[in-house]
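Laboratory data are not the source of any read-out in this text; all were calculated from the coordinates shown. Note that this is a predicted model, so its numbers are computed, not measured. FYI the Cβ positions are ideal-geometry reconstructions off the backbone, even for glycines, and counts take in every protein chain you see.
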There are 2 protein chains.
Amino acid sequence: MSEPRPTVLKIGGSVITDKKGELAARTYEINRLAEEIHNANITNLIIVHGGGSFGHPVAEKYKIKEGYKEEPQRIGFCETHHVMTVLNGLFMDSLVWHSVPAVSIMPSSCIITENGRIKQFEDAPVKGLLKMGFTPVLYGDAVLDAKLGFTVLSGDQLVSALAVKFNAKGIVIGIDEDGVFDSDPKLEETARMYEHLTLEELRKLHGKLGKTVACDVTGGMFGKITELIPAVEQRIPVKIVNATAPRAVCRALQGEKVKGTMIEKE
Amino acid sequence: MSEPRPTVLKIGGSVITDKKGELAARTYEINRLAEEIHNANITNLIIVHGGGSFGHPVAEKYKIKEGYKEEPQRIGFCETHHVMTVLNGLFMDSLVWHSVPAVSIMPSSCIITENGRIKQFEDAPVKGLLKMGFTPVLYGDAVLDAKLGFTVLSGDQLVSALAVKFNAKGIVIGIDEDGVFDSDPKLEETARMYEHLTLEELRKLHGKLGKTVACDVTGGMFGKITELIPAVEQRIPVKIVNATAPRAVCRALQGEKVKGTMIEKE
C-alpha cells in the first residue's frame, strides 16, 4: 500500500504579519485562516509559514543569512529563532483552538543546511505525525549550517523539500496578492497576472519578477518561485492564491477552482 | 582534541510554574533563574525544564502518557505539546533577554520513543549548538512513540540521556525542595535530607521516596531520581539543589558548595 500523498500549504509571512511593522502579527487573519483550514477538512496536510515582520527584521539586523562572522551575531541568531517560535506559537494557538490536529515541528531541531541548502533532515517526526493523522506545522527558521555556522532557512525552501520528500499531491501557496504578476502589482497598475505557468515559462521569468516591497531576507517573489522548481519538476502542481481573500485558501485546499496562478511541469 | 564536557541543568516544572494552578507561570522565578544562569557565566551548558502546570494537567486529562487509544486524545496530544512550547517560550524570552545564548530544541521534532523510552534521537542540532557556544534548551514534551503512537517524554529522562550522550561533567537539578528527603518534607516535619547518596544507596531508596504532592504525570520524585541512574553509572555527578532559593542554581553551576543532595557512583 502506498502512503497517502499530502498537500503542502504555505502561508506567507506577509499574510499573517504586517511586514511594515516589527513583531506585528495579524491575529485576525491568523484566526480566519485557522478557521478556513479547519473548514477545508482535509487529511494529510502539512503547513509551512513564513517569518514576516517577526523573523525578517531581526535576521537582517544581524545578517544571520550570511552566516557566523562575529560575536554580536550570536545573540542575533537566538533572537531570530526565538521570534519565529513566538509567531509560530500564535498560529498554533489558533489552529489547535479551531480543532485542527496541528503539531509544530521546529526546523532547526531537525534540519541542518550546507551553504543555505538543506543537507540533513531528520524527517521521522513529520512522517510519524502524518501517519497518525496530525498536521505538522513548520516555518522559516534560523538553523545551523555545516559551512556557514548558521543561516536562515526560508519557508519556501522547506515547502519544496517537504513536497518532494513526501511526494505531495499538490502545493497551495497563500500570498498577499492574487497570484504571480509580470511586474509588481503594488507598484504598476498595468501588471498582468499569469493564470498558468509551465516549468519552461517559469524559468524564463528569471529577472522579470518584481521584488516584494517590504523587507524579506529570503529573496522576494523571485526567490520564492525559484524554490518551487524542484517540486514542479517532480510533477507536483503548485497553486498560488491570495490568502488575504476570504475562502481562497479553503477552496484551493479542497481543489476548487480559485483565482490565482497555477504552475505545472507542462 | 576531546569535546568539552557540558553541564546539564534541569529546572523543575514546580519551580517555574505553580503546580496547583493551570497554565500558571511563575514569571518572577523564571526571570530570577535566567539572571542566575547569565551570572553563572559558564559555557557548555544544556538546559532542560519540566512541564509543571502547563504540560501535566493536559497530559493527564487526555492520558497522553498511556499512548493513543481513542480519537479525543488526538487534540489532547496537540494541546499538551502546544502548552509546553508556550512555557518554553516564556523561559526562552527571559533567557535571551538576559543575554544567555539560548536556542530552544523541540524534543518531539528530533526524538521518537518506544514504550516511553528514547529510541531515536537526532542529536546533530544539539551537538552543533554546543560546538558553536550556544546553550540548547529542551523540555518535557509530548512525543511520537513507535509502539504507543505517542507518549510523554519527561524532562528527567531527557536530562539523563543528554548527560550520557554528551559525556556531561555534571548534572545540576533545581527543584522546589532543598534536596532528596527520606520522606515528603512538605508532609512530614521529621523528614531528613540526604546530603550524599551513592548509586547503591540510591537503588535502595526504591519505594521509600515520597511522591510529590501535586500532579505530575511523569512520576514524582521517585521517578525523577530513578531516571538519573544511567548518568550516575557513567560517573556523572548529580547535584540536587533548591532552585527557589536565590543563588543556589548559580552557585551550583559554578561548582561552589551549595546545600543539597549530591549523588555519585561511589
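Points to keep in mind about this one:
- Where only alpha carbons of the range B:36-175 are counted, the Rg and the Dmax (Å): 15.1, 47
- Expressed as a fraction of 2.2 N^0.38 Å, the C-alpha radius of gyration for chain B is 0.94.
- Kyte-Doolittle mean at least 0.0, axial Cα span of 30 Å or more - DSSP H helices of chain A: A:72-97
- When Rg and Dmax are taken over the Cα atoms of the range A:156-209, they come to 13.2, 39 Å.
- Taking other residues whose beta carbon is less than 14 angstrom from the beta carbon of B:Asn115, and scoring Lys, Arg as +1 and Asp, Glu as -1, yields +1.
- Normalised alpha carbon radius of gyration of the range B:1-66 [divisor 2.2 N^0.38 Å]: 1.40
- A Cα-only calculation for the range A:98-172 places Rg and Dmax at 12.6, 41 Å.
- Volume per residue for the range B:35-90 equals 91 cubic angstrom (convex hull of Cα atoms).
- Between amide H atoms placed 1.01 Å from N, distances below 5 Å from B:Ala146 occur with B:Thr113, B:Glu114, B:Asn115, all of them 5 or more places distant or on a separate chain.
- For the protein assembly as shown, the Kirkwood estimate of the hydrodynamic radius, built from every pair of different alpha carbons, is 23.9 Å.
- Using just its DSSP H runs of length 4 or more, each adding -39500 (n - 2.57), chain A gives a mean residue ellipticity at 222 nm of -11500 deg cm²/dmol after division by all residues.
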